[in-house]
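Take a look at the structure set out below.
The values are calculated or read from the model by the stated rules, or taken from the named source; none is laboratory data. Here the structure is a predicted model, which is why all the values come from computation and not from measurement. Cβ coordinates were reconstructed from backbone atoms using ideal geometry, including for glycine residues, and neighbour counts include every protein chain displayed. Protein only, heavy atoms only, side chains kept; ligands, DNA and RNA dropped before computing areas. Shrake-Rupley method; radii C 1.70, N 1.55, O 1.52, S 1.80 Å.
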Amino acid sequence: MMVRVSEEPPPEENPANRAEEATPAERLKTPPQRLRTLLIIAAVLLGLDLLTKCLVVANLKPGEPVSIIGDFARLSLVRNPGAAFSMATGMTWLLTLVAAAVVIGVVRIGRTLRSLWWAIGLGMVLGGALGNLVDRLFRAPGPLQGHVVDFLAIGWWPVFNVADSSIVCGAILLVVLTVFGFEPNGTRTGRDEPVEPAEPSETTTRSEGNTA
């Protein structure tokens, strides 16, 4: 009687089986990807920026500010050819290219992002960059030369808009995260384990349901 001997290792020693068994545990330790969160935040801020600009252009005239809180807070329509807070006014075309590069860079980073806070910060930067980029592409005097609509005047601060504030606040958040060691992948410098909760995998959920 001949006995056929299998050349494959036992199930417990098969590398493929070990990889499959380890996958649920590894997934439990890995935070979910945050690209969708980043894009939602960017879309909300972009929509808010475009809406406020359209309302301001339709209801305000340059040189005729509207007081909100005395002389401290005003609505004042300004056409800005420069960057945020009226900087680099003579380099509109270059600023347009920089904004486009920022948008592309943020989206590429977001594809592997697993930190919720990094997603919020990058989403704010992306939404603001898109808001001002739309102005530079579609507003007068023409493509790549369009002037950004600014309308918020607070105290001595240069006139700005929702996109400007989103970019600045998002950048500050990213700097704070970097200083305190929070990484885009959801971990923290000096720690091996993720600092953010992970979502349970479908395999683990089914296994728990079967056990119950």
Problem - Loop-located trypsin sites (Lys or Arg not before Pro) in the stretch 105-190 whose Cβ has at most 15 other Cβ within 10 Å (DSSP) - result: R111
Exercise for the section: For E64, tell me the accessible area in Å² from a 1.4 Å probe, rounded to the nearest 10. Expected result: 110 Å²
Handout entry: Overall form of the stretch 65-184 per C-alpha gyration tensor (a/c, 1.5; a/b vs b/c)
Key = oblate
Exercise for the section: Any chance you could run the full-extension gain for T178 through A140? It's 0.36 nm times the residue separation minus the Cα-Cα distance, nm to one decimal. Expected result: 9.9 nm
Problem - Accessible surface of F180 - all protein chains present, 1.4 Å probe, nearest 10 Å² - result: 120 Å²
